[in-house]
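Asks: Can you read through this structure? Questions will come right after.
The values are calculated or read from the model by the stated rules, or taken from the named source; none is laboratory data. Worth saying up front: this structure is predicted, and the values here are computed from it rather than measured. Backbone-built Cβ (ideal geometry, glycine too); neighbour counts: all protein chains shown. What goes into the accessible areas is simple: the full protein's heavy atoms, side chains included, and nothing from ligands, DNA or RNA. Shrake-Rupley method; radii C 1.70, N 1.55, O 1.52, S 1.80 Å.
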Amino acid sequence: MRHLLSTEDLSLHNAIRILDTAEEMAAVGEREVKKLPALRGRTVVNLFFEDSTRTRISFEAAAKRLSADVINFAAKGSSVSKGESLKDTAQTLAAMGADAVVIRHWASGAPHRLAATDWIDAAVINAGDGTHEHPTQALLDAFTMRRHWSKLAGTPSAGADLKGMRVAIAGDVLHSRVARSNVWLLRTLGAEVTLVAPPTLLPIGVEKWPCAVSFDLDETLAQGVDAMMMLRVQGERMNASFFPTTREYSRRWGFDDNRLRALDSLGLKDTIIMHPGPMNRGLEISAAAADSPRSTVLAQVRNGVSVRMAALYLLLSGENREPAAAAVSASAAASAAASSDAPAAHAANPNLTYSHQESH
Amino acid sequence: MADQHQNADNSGAHLIRGASILGGAAEDLLIRDGVIAARGRHLDADVAGVREATVIDAAGLVALPGMVDIHTHLREPGREDAETVETGTRAAALGGYTAVHAMANSTPVADTAGVVEQVLTLGRTAGWVDVRPVGAVTVGLAGEQLAELGAMADSRAHVRVFSDDGICVHDPVLMRRALEYVKAFDGVVAQHAQEPRLTAGAQMNEGEVSAVLGLAGWPAVAEESIIARDVLLAQHVGSRLHVCHVSTAGSVEIIRWAKSRGVNVTAEVTPHHLWLTDELARSYDPVYKVNPPLRTDADVQALRAALADGTIDVVGTDHAPHPSEHKECEWAQAAMGMTGLETALSVVQHTMIETGLMGWEDFARVTSTAPAAIGRVQDQGRPLEAGEPANVILVDPAARWTVDPSKMATMGRNSPFAGRELPGKVVATFFKGHPTVLDGKLNTPYRWPVDALDAGPAGRRP
Ligand SMILES: [Zn+2]
């Protein structure tokens, strides 16, 4: 794995490897000192052409827990918004010695352009591109589902897939990179996916996707669902006639209190409710559903850091490095003392920060 | 022959020995004083002019009428960083063209007699091909009021093709009026068929691939609905309509239906739509971004069949050079368009001739005779007979070459065929009897008489 651009082309082997590594990273997050020296001296750039504080701080926390140096590059108010091209920005980051670029962009395919051109030689992680993909979101969703699915089965989650799990994803599929990444990844992991949306918010061509499609959320729930994922719906879609009113949307496609109760009456006691956030409470999800014990919203946020640590670790430490588990245990003691001040040390010594660049 | 180039005075005579005329039997052509002076199985030395002529051994080569592009973007005036009339027409000559229709979306827009005369003069000063300016349908391509169609028609540029290409004349009343008005001078409205509301922000063909890539879709119906409306309008007012760059199987069906009802409609297909599909967008490489977008393989096959059976009349390149920075970026940021002048012949040979769908005679029809007729270009697209204007090309159909955009004459590096091996190479181009291309390389331009260069107050004297 050189880049993480999409889940469409992510193999089962690599998907499981990322999820398993994330489990090891999660263990680090539970320690008192939440830090590993694995990426000491490596530079991770968060290149954000679109505002997303949530995703940015998740990647930042992940990189810092691996002791990488982090540069946050927000396109707003920078040279980028003054017309600097993606190419020039990428070449600038390359000159600064970026080892990995975490890119969030409003244009679908922008991470692919960084990876496919010779503008920069760094590992590229797609942190959400336009209406295309958001692979780390799908991985953290899968991680969350896998933990739940394994717990129900009473088996360890490491090495497991999602065979047989019934996942419904409801909302604005047309404009959702989260939905796309989830459909491909869940297919790879063996889950059964049903997309639920008004016909106006499904892309032409969805019939070729490896999933079922429904216009009726109640019918989908009645058929049995193990994970119910709600997608964010932008209010402005209403003005573009995708649906008549937000009220009508909520009634037909929102996860409201009636549907929350229906899970109980349908005997779906183990069904979880997921949301990638940020939520529109009262639109696609009711407050009661969002705050219910079934909700995994906060677990998803927590798992996001572990999954992103795994992605950074696997991309930057190379195919031949020791498995993360070994690194975690071997370095645990040593890192405990050194890691807390590591970023400051690097900042004081630019040679140390950038010296690895010559070697690859 | 290389050391006997006759240049500026255009006076050299050339004897083409043994070229396969339109892919048929081998014959000789004597080109002299701007015309085909003689044609025959083996022209004897006693035929006037044969003795003095430079001999070109054309064994194995096909002689065709010079190609006429109904759809070229030369960018000048205004975007000389993308292309100039000089560089674009060099590319045209190398590609086998002796005439190109320069689209109106320059800066300023070619919506007045002054601008079309300027483009005419630039073309004649360059001298590589006949540059036929296209006039805008509406002022500034804004789709609000008719441009000075009559003044452009009466100008020295004798405009007969009117188009807002790049933008659709979507207002049905304005389209009706334009179709009616150009009847006064035997003009034609060339429509860029794209319903604007259905294509707001559109990035690529709407379908299976756009669904996966998350790129906003450009649905086939946005093209087809405009064509359906326009053929009905053309029928209603009895006007001549030309449909630019038809890209979908559905459009082909509508045009076939319209022709069967006697509607005076002609249609064009680009070389890239005869070959490439939207699968290429999976790379997110904007070199494949074009308007109308690359469609599906079913569309490609329908377009080939339509060109072969005459439903589609002509191949137009829609040559659209862009500076590299407009393609070295995100897909959504990138400009739409591809270069085409230097690859058109090869792509049509690959997609239509080597597939057995067409012969070279058909090739001459769709690349020369028919486009010249649509544009009312009197001295182009003519038979290769004695007495006819000598706009002739020689093609080596056995040649194979690999496309390298950096070696092209156009300033545009945005060829979607880069790296592909193509058949067929233009060996020579004769424009008004003068060889603009010899041995597959640029020779010298044709020199127009000085009074032909004078474009009046708005023009530029050489
Ligand atoms: Zn056009």
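Asks: Residues that are at pLDDT below 95: list the strands (runs of 3 or more DSSP E) wholly contained in segment B:1-62 that include at least 2 such residues.
Replies: none
Asks: Can I ask one more? Within segment A:190-208, is even one residue closer than 15 Å to residue A:6 by Cα, modelled with pLDDT of 95 or more and assigned to a strand (DSSP E or B)?
Replies: The answer is no; no qualifying residue exists.
Asks: Could you list, in sequence order, all residues of segment B:186-229 that are in contact (Cβ under 8 Å) with a residue 40 or more places away in the chain and away from every other protein chain (no Cβ under 14 Å)?
Replies: Correct list: B:186, B:187, B:188, B:189, B:190, B:191, B:192, B:193, B:194, B:223, B:226, B:229.
Asks: Moving on to the next point. Going through B:141, B:174, B:146 one at a time, which residue ends up being open to solvent by 10 Å² or more (accessible area, probe 1.4 Å) and either within 16 Å of the ligand (Cβ to nearest atom) or within 14 Å of another protein chain (Cβ to nearest Cβ) (or both)?
Replies: Testing whether each residue is open to solvent by 10 Å² or more (accessible area, probe 1.4 Å) and either within 16 Å of the ligand (Cβ to nearest atom) or within 14 Å of another protein chain (Cβ to nearest Cβ) (or both) leaves just B:141.
Asks: If only one of A:6, A:85 is at pLDDT below 90 and out of contact with any His (no Cβ under 7 Å at 6 or more places or on another chain), which one is it?
Replies: None of the others qualify; the one that does is A:85.
Asks: So, one more: Could you tell me whether any residue of segment B:200-211 is part of a helix (DSSP H, G or I), under 30 Å from residue B:34 (Cβ atoms) and either at pLDDT 95 or above or out of contact with any strand residue (DSSP E or B) (no Cβ under 9 Å at 6 or more places or on another chain) (or both)?
Replies: No, there is no match, as no residue in segment B:200-211 is part of a helix (DSSP H, G or I), under 30 Å from residue B:34 (Cβ atoms) and either at pLDDT 95 or above or out of contact with any strand residue (DSSP E or B) (no Cβ under 9 Å at 6 or more places or on another chain) (or both).
Asks: Determine whether segment B:317-331 contains at least one residue that is open to solvent by less than 10 Å² (accessible area, probe 1.4 Å), among the aliphatic types (A, V, I, L, M) and either within 14 Å of chain A (Cβ to nearest Cβ) or farther than 15 Å from residue B:271 by Cβ (or both).
Replies: No - not one qualifying residue is present in segment B:317-331.
Asks: Check off (1) out of contact with any helix residue (DSSP H, G or I) (no Cβ under 8 Å at 6 or more places or on another chain); (2) over 23 Å from residue B:345 (Cβ atoms); (3) not hydrophobic (A, V, I, L, M, F, W, C) for residue B:27 and give me the number that stays unchecked.
Replies: (2)
Asks: Can you spot a residue in segment B:179-187 that is buried (at least 23 other Cβ atoms within 10 Å of the Cβ), more than 16 Å from the ligand (Cβ to nearest atom) and either assigned to a helix (DSSP H, G or I) or not assigned by TED's automatic domain parsing to the domain that holds residue B:312 (or both)?
Replies: yes
Asks: Follow-up question, since we're still on this one. Residues to consider are A:233, A:167; find the one that is under 30 Å from residue A:20 (Cβ atoms) and among the β-branched types (Val, Ile, Thr).
Replies: A:167
Asks: Within segment B:323-332, is even one residue within 21 Å of the chain's Cα centre (by Cα) and within 16 Å of the ligand (Cβ to nearest atom)?
Replies: no
Asks: Would you confirm whether or not segment A:238-260 contains a residue that is in contact (Cβ under 8 Å) with a residue 24 or more places away in the chain, in a loop (DSSP other than H, G, I, E, B) and touching a His at 6+ places or on another chain (Cβ under 8 Å)?
Replies: Checked segment A:238-260: no residue is in contact (Cβ under 8 Å) with a residue 24 or more places away in the chain, in a loop (DSSP other than H, G, I, E, B) and touching a His at 6+ places or on another chain (Cβ under 8 Å).
Asks: For segment A:157-182, enumerate the residues that are open to solvent by 10 Å² or more (accessible area, probe 1.4 Å) and within 12 Å of chain B (Cβ to nearest Cβ).
Replies: Residues satisfying the conditions are A:174, A:175, A:176, A:177, A:178.
Asks: It is to be established whether one or more residues within segment A:244-254 are within 14 Å of chain B (Cβ to nearest Cβ) and crowded, with 20+ Cβ neighbours inside 10 Å.
Replies: no
Asks: Which condition does residue A:185 not pass, out of (1) assigned to a helix (DSSP H, G or I); (2) touching a residue at least 60 places away in the same chain (Cβ under 8 Å); (3) surrounded by fewer than 23 Cβ atoms within 10 Å (Cβ to Cβ), if it passes all the others?
Replies: Among (1) assigned to a helix (DSSP H, G or I); (2) touching a residue at least 60 places away in the same chain (Cβ under 8 Å); (3) surrounded by fewer than 23 Cβ atoms within 10 Å (Cβ to Cβ), residue A:185 violates only (3).
Asks: Scan (1) away from the ligand (no atom under 16 Å from the Cβ); (2) polar (S, T, N, Q); (3) closer than 30 Å to residue B:332 by Cα for the single condition residue B:239 breaks and write down its number.
Replies: Failing condition for residue B:239: (3).
Asks: Filter segment A:87-134 down to the residues that are part of a strand (DSSP E or B) and at the interface with chain B (Cβ under 9 Å from one of its Cβ atoms), then identify the one that is surrounded by the most Cβ atoms within 10 Å (Cβ to Cβ).
Replies: A:133
Asks: Scan segment A:235-262 for residues that are more than 27 Å from the chain's Cα centre (by Cα) and farther than 28 Å from residue B:197 by Cα and jot them down.
Replies: Within segment A:235-262, A:251, A:257, A:258, A:261, A:262 meet the criteria.
Asks: Further question on the same structure: Does segment B:109-116 contain any residue that is farther than 23 Å from residue B:437 by Cα, within 16 Å of the ligand (Cβ to nearest atom) and away from chain A (no Cβ under 14 Å)?
Replies: The answer is yes, given that some residue of segment B:109-116 is farther than 23 Å from residue B:437 by Cα, within 16 Å of the ligand (Cβ to nearest atom) and away from chain A (no Cβ under 14 Å).
Asks: Another question about this same structure. Please verify whether segment B:287-301 includes one or more residues that are among the acidic types (Asp, Glu) and either within 27 Å of residue B:329 (Cα to Cα) or away from the ligand (no atom under 16 Å from the Cβ) (or both).
Replies: There is at least one residue in segment B:287-301 that is among the acidic types (Asp, Glu) and either within 27 Å of residue B:329 (Cα to Cα) or away from the ligand (no atom under 16 Å from the Cβ) (or both).
Asks: Now, a different point. Scan segment A:35-60 residue by residue and report those that are assigned to a helix (DSSP H, G or I), surrounded by fewer than 19 Cβ atoms within 10 Å (Cβ to Cβ) and of a type in the set (S, T, N, Q).
Replies: A:53
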